[in-house]
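Student: What follows is a structure written as structure tokens; I'll ask about it next.
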2 protein chains.
Amino acid sequence: MEYKVERLLVNYKTLEEFKEFKGYGLQELSMVDDLEANIIENDSQSPFYGIYFGDKLVARMSLYERSAKFDRYFEPNQDFLELWKLEVLPKYQKKGYGETLVEFAKRFGLPIKTNPRVKSQEFWNRMGFQPVEYDMERDLGENPLLWHPQGLKSS
Amino acid sequence: MEYKVERLLVNYKTLEEFKEFKGYGLQELSMVDDLEANIIENDSQSPFYGIYFGDKLVARMSLYERSAKFDRYFEPNQDFLELWKLEVLPKYQKKGYGETLVEFAKRFGLPIKTNPRVKSQEFWNRMGFQPVEYDMERDLGENPLLWHPQGLKSS
């Protein structure tokens, strides 16, 4: 299980590959628009990291560092990473691609918040992520999970 | 298409019915906990509205009014409704239950924000909801859609 995680650059090839992922949505569409309108340059950095199998992008996630002032999850408030759109293409699942991406995210040494699909709870549990105490005003229909480099102090 | 929309009360029967919905997650689990710990009373009001077919809950959504100070979507900032977990059980789809719930939400006369699955875009489009201009800091992996009683002025 030695996969290389790469920061993905925004270009037409990558955006075309993104179409294979279920999570394709507004974020990707806006990248296409920005590229076409020259608002961003070809090969700009993106918040996406991915793993290639040969030439094919088979797994990806988005990572974004938020400053402590946006933190409503950790005590005391601190800078943390938002992780979203973790996804492995169906044929490549159960081979450790997802684990590799999450382990990569952990190596930044920051707490991580993610809001995964309900069905993936077991995976996240295995990766050391824990559910928050539900707060309707903050969480609405989300299912936030948290990970902290030193272990979570409060839920 | 004359369905009666009801505010759902938090009790064990409703929470049991929620298990049939894909969106079952932290929100529902926390309601079960609160009920068991007597933090909330049996038959407390919930943010859920639903439609019954006979005795069976076949469609639901959550609605929550947010004050203008949390508004990052409308110009000028205003009170608005968050709508989430709109879901119709598979056997009851394509019969207008979803439309009825959304029309019910519109009758509160407030702007509405929702963050639906990518695949349901066509439904929301038909209901008059429009995508926002993507803002990574705010939207991350979301696909927010907005509706305004007087029509949307800006995207």
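Student: From the list B:125, B:77, B:143, exactly one residue is of a type outside the set (A, V, I, L, M, F, W, C) and buried (at least 19 other Cβ atoms within 10 Å of the Cβ). Which is it?
Tutor: B:143 is the lone residue from the list that is of a type outside the set (A, V, I, L, M, F, W, C) and buried (at least 19 other Cβ atoms within 10 Å of the Cβ).
Student: Would you mind telling me which numbered condition in (1) free of Cβ contacts under 8 Å to residues at least 24 places away in the same chain; (2) in contact with a Leu (Cβ under 6 Å, 6 or more places away or on another chain); (3) of a type in the set (A, V, I, L, M) residue B:136 fails?
Tutor: Single failed check for residue B:136: (2).
Student: Right, next: So residue A:31 clears everything in (1) touching a residue at least 24 places away in the same chain (Cβ under 8 Å); (2) crowded, with 18+ Cβ neighbours inside 10 Å; (3) of a type in the set (A, V, I, L, M) except one condition, right? Which one?
Tutor: (1)
Student: Continuing with this model, one more query. Given B:97, B:64, B:52, which one is over 30 Å from residue A:61 (Cβ atoms), surrounded by fewer than 19 Cβ atoms within 10 Å (Cβ to Cβ) and either hydroxyl-bearing (Ser, Thr, Tyr) or modelled with pLDDT of 95 or more (or both)?
Tutor: Just a single option satisfies the conditions, and that option is B:52.
Student: Can you work out which of the residues in the stretch A:2-51 that are of a type in the set (A, V, I, L, M) and assigned to a loop (DSSP other than H, G, I, E, B) is nearest to the chain's Cα centre (by Cα)?
Tutor: This residue is A:40.
Student: I'd like the residue in the stretch A:130-155 that is under 23 Å from residue B:34 (Cβ atoms) and of a type in the set (A, V, I, L, M, F, W, C) and, out of all such residues, is farthest from the other protein chains (Cβ to nearest Cβ).
Tutor: Within the stretch A:130-155, the match that is farthest from the other protein chains (Cβ to nearest Cβ) is A:152.
Student: Here's something else I'd like to know. Kindly indicate whether any position in the stretch A:84-91 is away from every other protein chain (no Cβ under 12 Å), surrounded by fewer than 16 Cβ atoms within 10 Å (Cβ to Cβ), among the charged types (D, E, K, R) and within 21 Å of residue B:136 (Cβ to Cβ).
Tutor: no
The values are calculated or read from the model by the stated rules, or taken from the named source; none is laboratory data. Only a predicted model underlies this, so the values are computations on that prediction, with no experimental measurement involved. Glycine gets a Cβ as well: all are built from the backbone with ideal geometry, and neighbour counts include every protein chain shown.
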